[in-house]
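Here, each number is a calculation from the coordinates, and none is a lab measurement. Being a predicted model, the structure only gives us computed values, none of them experimental. Cβ atoms come from the backbone with ideal geometry, glycine included; neighbour counts cover every protein chain shown.
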Amino acid sequence: MNKNNWKEVPLKDILAEFESGKRPKGGVGGIESGIPSIGGEHLASDGGFNFKNIKFVPKEFARSMSKGWIKKNDILVVKDGATTGKVSYIPENFPHSKAVINEHVFRCKVFEEIDSKFVFLYMWSERGKRQILSDFRGAAQGGISTGFVNRVIVPLPPLPEQKRIVAKIEELFSDLDKAVESLKKAQAQLKTYRQAVLKYAFEGRLTHKNIKPGQLPEGWKWVKLGDVAETCLGKMLDKQKNKGEFEPYLRNISVRWFEFNLTDLEKMRFTKDENVRYSVEYNDLVVCEGGEPGRAAIWKDKSSSIKIQKALHRVRFGSGAIPDYFLYFLYLTAHNGVLKKYFTGTTIKHLTGKRLNEVVFPLTTVAEQKSIVAEIETRLSEADYMEKTIIQSIEKAEATRQSILKKAFEGRLV
């Protein structure tokens, strides 16, 4: 390729139209029909759109707009907020025949003698994004000004070459899309596999053969949590009434599935008696009462204990059950919807101590519980490794896209 016939031009010099939109005074909340209003939240990171939470402006208001109407082959750029600089393209098959942009989006229309897709792909490339964001100003909720079009310098070959480059990029991207689609399908299958492993585990099918549907293996039985463990709700936070020494404690936000987040722990006063009552010791299970009811983790630190606040339950098992076994059961039922039948409340859900004690699960011997936990962890570990490999492959595919674009705009692709 002879790049001598390329030229570098500021984006502003190749724009036939450049504008932003607007919304009615008071916003668009509660408006359920009309003309779609595209904001920054609707631009997707892949250069397309996410219409899940589409907004509307009244038709009368849209008719009053002299600027901001979307046209085919437009390039949209988020002008402010968390996604500043995100770029999307309006294709020929854009699903809305009539749509407008709001005040948080710029609309760019290039001259007809320039391939708009070529310009979009450049703006979507890492180099283009850096140039767009070089105009960023302000703090956390800052943004770019209309001056960004002076900072974006587009490497521009003759029109026939632009079209050849776009065609080649789309061909290579299509191959990548197919590969990524297959990877994401495999990733979804792993999610199904994990649920199947847990389902089989508590049907006894990981450790027994020829188990009939709906039946438990011989020696297994259904029990309530309260039959094999004692539960305790944490201490209420009351700065006026609390006495004793300041101690760190776990909150709802501290408990994630299978682990704890111990950053930014807060403290409250506990008396000596409360230290015993509300302490979490080694192998105690901690379960969320609200927020995401049922989310749980096991305290595995043998050298220290910690206190819990009222938003959490402590579950301490007797000799007939192990916490790891019940935790996996809790995770299964939280994700397949079974645990919901134990929740109280209509809008805000809770898992009270009474209802937690009523959770029914299949129990076998401690030895078999340990075998089941070991089998679950082996299989889930293998699935985690496979998913990690898939994620790395997806990330590599995205890096390949940028490599393709880099070559394209350096004149080395076709």
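Give the distance, in whole Å, between the Cα centre of the range 259-275 and the Cα centre of the range 89-136.
51 Å
What are the chymotrypsin sites (Phe, Trp or Tyr not before Pro) within the range 335-398 that DSSP puts in a loop, where the Cβ has at most 10 other Cβ atoms within 10 Å?
Answer in residue order: no site qualifies.
To the nearest 20 Debye, how big is the dipole of the range 291-363 about its Cα centre, given +1 on the beta carbon of each Lys and Arg and -1 on that of each Asp and Glu?
Result for the range 291-363 is approximately 240 debye, rounded to the nearest 20.
Starting from the Cα of Arg269, step 7 Å along the direction of its Cβ; do the same at Lys25; then give the gap between the two resulting points in nm.
5.4 nm
Could you work out how much longer the chain between Lys340 and Lys185 gets when fully extended? Use 0.36 nm per residue separation minus the Cα distance between them, nm to one decimal.
Working it through step by step, the gained length comes to 53.0 nm.
Distance cut-off 29 Å, Cα to Cα: go down the list Lys22/Lys129; Lys7/Lys71; Lys86/Lys340; Lys22/Lys407 and report the pairs above it.
Lys86/Lys340; Lys22/Lys407
Could you compute the FRET efficiency for Val414 and Tyr193, with r as their C-beta to C-beta distance and R0 at 45 Å, rounded to 0.05?
Once rounded, the FRET efficiency stands at 0.60.
Along the charge dipole of the range 3-156, pointing to its positive end and built from +1/-1 on Cβ of Lys, Arg, Asp and Glu, which listed residue (Ile14, Pro24, Phe136) has its Cα farthest out?
The one lying farthest along the dipole's positive direction is Pro24.
Translational D (Stokes-Einstein, µm²/s) of the range 56-111 at 25 °C and 0.890 mPa s when Rh comes from the Kirkwood sum over C-alpha pairs?
This corresponds to a translational diffusion coefficient of 203 µm²/s.
Under a point spin-label approximation (7 Å from Cα along Cα-to-Cβ), what is the Lys221-Glu171 distance to one decimal in nm?
7.1 nm
For the chain, take the convex hull of the Cα atoms, compute a quarter of its surface area, and give me that in nm², please.
Convex hull of Cα atoms, orientation-averaged projection: 28.0 nm².
Could you work out [θ]222 nm for the chain from helices alone, using -39500 (n - 2.57) per DSSP H run of at least four and dividing by all its residues? Round to the nearest 500 deg cm²/dmol.
Computed ellipticity for the chain at 222 nm equals -11000 deg cm²/dmol.
Would you mind checking Lys184/Lys396; Lys117/Lys163; Lys199/Lys302; Lys168/Lys406; Lys224/Lys307; Lys239/Lys310 for any pair whose Cα atoms are more than 20 angstrom apart?
Lys199/Lys302; Lys224/Lys307
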